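Just below is one structure, and these are the notes that go with it.
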Amino acid sequence: MHIKTIGVEEYLNIWEHDATWDIAQSTIASLTMAEILELDGKQGETFYEQLNREKMNYGWIEGSADFKQEVAKLYRNVDPDNVLQMNGGTGANLNAIMALVEPGDHVVAEYPTYQPLYDLPAALGAEVEHWQIHEEDGWQPRLDELKKLVRPDTKLICVNNASNPLGTLITTDVMEEIVEIARSVGAWVLCDEVFFPLEDADTCTSIVDLYDKGVCTNSVSKDYSVPAARCGWTVSNKELADRMRVLRDYTMICSGVFNDALATYVLRNREAIVERNLSIIRKNRAITQEWIDSEPRVSWVPPKGVSVSYIRLDIPEDDEKFCLDLLRDEGVLLVPGSRFDLPRGARLGYCAPEATLREGLKRLSGYLRKFD
C-alpha cells in the first residue's frame, strides 16, 4: 500500500522541539497533571481511588463501561455498546476508514482539510474526489457542488467539523443537507469531530445524532486538553462498530488501563475543562484579533469556539521557507499552510498559553517587517 506522508505531522515531528515560542499546536493549552488532579475538587482523590483498584493488565479491550457511558453522554441517543475506544482521533479515523473503504469505492472528501480524510481512502484504493472549500465563502464548501460529485455508487463522504486548520464550522442546517445528499445514494458520512465547537455548541450537531449511517471520531486531545492520554473513540451504528471491532484487534488491541482511567476522569470533569477552555478561546482570540487588525500582512476567518485557526500571509515567498526562517531566527513555530495544501498561510495555534501567544505574535510581526 502506498500512503502519503501526513504533511503537518512530518513538519512537527522534525521541528516542534526546536521552538521557543510554539504557536503552531492545535490543542487548547494542554493541562498539566497537577491541573488535571484539581478538576474533581479533591486533589485527584476520585481518580486515584479508581486507578488504585486496577490491575495493570490489558484492561477493557474496547474501553471500560464507565468510559463508554461518559462518551455516550456527549450525544443525544447513543448506545454505549457502539462506542469504541481508539488510540486518539488518528486511530479512530484509521479504523473507521479501513472498515468502510475497499478498492474501487467512490469517496467524496472535503478538501483541503485534515489530510488523512482524503489520503487514507486513496491509499486503500478508492477513487477520491475532492469537495472543495472556498476562501471567498469564508472557507465553506458548496452544497450544489457536493450534489454534482455524489454518484449512485458513492460509498463515503468525509468531512471535518470544525476544520483543521481553518477553524470553520459546518452548522446543523448544512449538516442536515449533507445527510440528505448522502441518504439519497445510501452513502456513509464520516465526520472528524475532534474540534467540535465549545462556544455556541448548539449551532452544530454530531453526525451520529442526524444519520444512522454516520460515524463520528473524537478524542480527549483537543477540546479537553489532554493529548497525553492518546485516547479517542468512534461512535456509529452496530453494523459498523462490529466491523471496527475486528480491525481494532489488528491495529491496537486496547488503549491501556491507565489511559482509559485518565480519559474517563477527564470526561467526568468535562464541565470544568470546558469552562477553563472557553475562557482561553475567548481571551486569546481577542488578543489575536487585535494583533491582526494592526498587522497589514495578516488576515484570517476568526475561528468559532475551536482551538485551531489559519492565517493568510501576504508575503512574497514560499510559506515553508518563511516558517523555517522564522523558527531559526526567532524561535517561533507555525505550521506552513502548504502542509495542508493551503499555501501562502500558516496554522496558528492561538490557544497556546497567553504569554507564549503574545511573544510569538510580537516576534512574528517583527519578522514580517522585512517585507515592508
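The values are calculated or read from the model by the stated rules, or taken from the named source; none is laboratory data. Predicted model only: the values in this text are computed from it and were never measured. Ideal geometry is used to build each Cβ from the backbone, glycine not excepted, and the neighbour counts take in all protein chains shown. Only protein heavy atoms, including side chains, enter the accessible area calculation; ligands, DNA and RNA are left aside. Shrake-Rupley method; radii C 1.70, N 1.55, O 1.52, S 1.80 Å.
Within straight cross-link reach of Lys55, meaning Cα distance under 14 Å, which aspartates and glutamates are found once same-chain residues fewer than 8 apart are removed?
Within the straight-line limit of under 14 Å, Lys55 reaches these aspartates and glutamates: Asp260.
Just need the relative contact order of the chain here, percent rounded to a whole number, with Cα pairs under 8 Å and 6+ apart.
Computed value for the chain: 25 percent relative contact order.
Would you mind putting 352-362, 159-169 in packing order, based on average other-beta-carbon counts within 10 Å, highest first?
Going by the mean number of other Cβ atoms within 10 Å, highest first, we get 159-169, 352-362.
What is the local net charge at Pro197, summed over the other residues whose Cβ is closer than 10 Å to its Cβ (Lys, Arg +1; Asp, Glu -1)?
Every neighbour counted, the sum reads -4.
How many angstrom lie between the C-alpha centres of the range 1-77 and the range 122-187?
The range 1-77 and the range 122-187 have Cα centres spaced 28 Å from each other.
Which percent of the accessible area of the chain is formed by carbon and sulfur heavy atoms (probe 1.4 angstrom)?
49
Taking a ≥ b ≥ c as the square roots of the Cα gyration tensor eigenvalues, with a/c under 1.5 meaning rounded and otherwise prolate when a/b beats b/c, else oblate, which class fits the chain?
Judged from the Cα gyration tensor, the chain comes out oblate (a/c at least 1.5, b/c at or above a/b).
Rank these by accessible area, largest first, 1.4 Å probe: Met56, Met1.
Descending accessible area places them as Met1, Met56.
Testing the spin-label approximation: label points 7 Å from Cα along Cα→Cβ at Asp325 and Arg183. State their distance in nm.
5.3
Give the Cα extents of the range 54-269 along the principal axes, in whole Å, largest first.
Taking max minus min along each principal axis of the Cα atoms, the range 54-269 gives 54, 38, 27 Å.
Between Glu271 and Met33, what is the spin-label point distance in nm, taking each point 7 Å from the Cα along the Cα→C-beta axis?
That separation, rounded to one decimal, is 2.8 nm.
What does the charge dipole of the range 243-372 about its Cα centre add up to, to the nearest 20 debye, if the Cβ of each Lys and Arg holds +1 and the Cβ of each Asp and Glu holds -1? Present the calculation step by step, with values, prior to reporting the outcome.
On the way: 22 positive and 19 negative charges, 104 e Å.
The calculated dipole for the range 243-372 is roughly 500 debye.
Let me have the relative contact order for the range 160-224, percent, based on Cα pairs under 8 Å that are six or more residues apart.
Computed over the range 160-224, the figure is 36 percent.
How much net charge surrounds Ala355 when only the other residues with a Cβ under 14 Å from the Cβ of Ala355 are counted, with Lys and Arg +1 and Asp and Glu -1?
Summing Lys/Arg as +1 and Asp/Glu as -1 gives +1.
Pop out the ³J(HN,Hα) list for the range 202-219 in order, Karplus 6.51 cos²θ - 1.76 cosθ + 1.60 with θ = phi - 60°, rounded to Hz; leave Gly and Pro as x.
Residue by residue, the range 202-219 yields 6, 6, 10, 9, 4, 4, 6, 8, 10, 8, 5, 9, x, 9, 10, 10, 7, 6 Hz.
Would you work out if the range 1-114 is rounded, prolate or oblate? Take a ≥ b ≥ c from the square roots of the eigenvalues of the alpha-carbon gyration tensor; rounded if a/c is under 1.5, else prolate when a/b is larger than b/c, oblate otherwise.
Cα axes put the range 1-114 in the oblate bin.
Could you rank the peptides 188-201, 118-131 by their average count of other C-beta atoms within 10 Å per residue, with the highest value first?
Final packing ranking: 188-201, 118-131.
Straight-line reach from Lys304: which lysines fall under 20 Å, measuring Cα to Cα and dropping same-chain residues less than 8 apart?
Qualifying lysines at Cα under 20 Å: Lys222, Lys283.
If you stretched the chain out fully between Ile287 and Gln69, how much longer would it get, using 0.36 nm times the residue separation minus the C-alpha to C-alpha distance?
74.7 nm
Under 15 Å from the Cβ of Asp40, count the other residues' Cβ atoms, weight Lys and Arg +1, Asp and Glu -1, and hand me the total.
That sum, taken over residues with Cβ under 15 Å, equals -4.
Note down the relative contact order for the range 54-269 as a percent, whole number, built from C-alpha pairs under 8 angstrom at least six residues apart.
That works out to 29 percent.
Per residue, how many Å² of accessible area does the range 54-269 show with a 1.4 Å probe?
36
Once both labels are modelled 7 Å past Cα along the beta-carbon direction, what's the Asn57-Ser279 spacing in nm?
4.2
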